[in-house]
1. Compute the distance in nm between two label points, each set 7 Å from the Cα along the Cα-to-Cβ direction, one at residue 82 and one at residue 52.
2. Starting from the 7 Å offset along Cα-to-Cβ, what nm value, one decimal, do you get for the label separation of residue 201 and residue 63?
3. Multiply the residue separation of residue 216 and residue 178 by 0.36 nm, subtract the distance between their alpha-carbon atoms, and state the gained length in nm to one decimal.
4. Subtracting the Cα-Cα distance from 0.36 nm times the residue separation, let me have the gained length for residue 185 to residue 31 in nm, one decimal.
5. Check which residues have an amide H placed less than 5 Å from residue 69's amide H, if you skip close sequence neighbours.
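Bear in mind these aren't lab numbers, they're just calculated from the coordinates by the rules spelled out. Quantities reported herein were computed from a predicted structural model and do not represent experimental measurements. Because the Cβ atoms are built from the backbone with ideal geometry, glycine has one as well, and the counts that use them run over all protein chains shown.
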Amino acid sequence: MSALPTPTIEARQATTLLVVDDHDLLRLGLLTLVQANATGDGQAIAVLESRTLQEALELYGRHEEQIGLVLLDLHLPDAHGLTGLTQFLKVFPQAPVVVLSGVSDPGLMRHALSRGAHAYLTKSGDLKEVIGYIRTLGVLGTTAPESLAPESAPTLRAVRSTSGETLQLSERQVQVLDGILAGESNRDIAARAQLSEGTVKNHVSALLLLFGVRSRAQLISTLR
């Protein structure tokens, strides 16, 4: 689930992204997708990478005029939760910051937006959703390469817990959740959904956090 409000970031001739995340694979994945989706309309897309909040602040200070968007993870070695977002916007109040989180938490999403984030995107879904949002801002150019035409918006499904709370899950989260409810192991879910076991494990962790439970058994009980 992601919060994707109508983009309000002021148009600027900035074609650089700043990705702030301490997971090397996540940064590599975004870098690869950005390069693959960059248009041939004369823009050179650059990606700056940072593993810590302090590094990110220093990079933004040096390249503020070139950076069109900051993708900020909420869990960094020197910042946890919304602390990093608050500190970043305290130093650079006008910075176009988008939260990139591994947790689909409606409450956290609302707090992030209320504190100045332009959007709340989840890492638990397809990273192409992140690329799609970036494209709406014009940072990747105005048109998509023909071989990479925009896909339809990700499918969301409402899931109601026994407490009456309704949450919106992505199609991938629903696949993993269905497997959990069917008693499948991570390996079984991975084989059926054509995912790696590590990816399934991350989805399971995100689902547990989202529903506020600590185990698969508690999750099943919450939904039945």
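1. Here the modelled spin labels are 2.5 nm apart.
2. Each label point is offset 7 Å from its Cα along the Cβ direction, giving 3.2 nm.
3. 12.5 nm
4. 52.3 nm
5. Result for residue 69 returns 16, 18.
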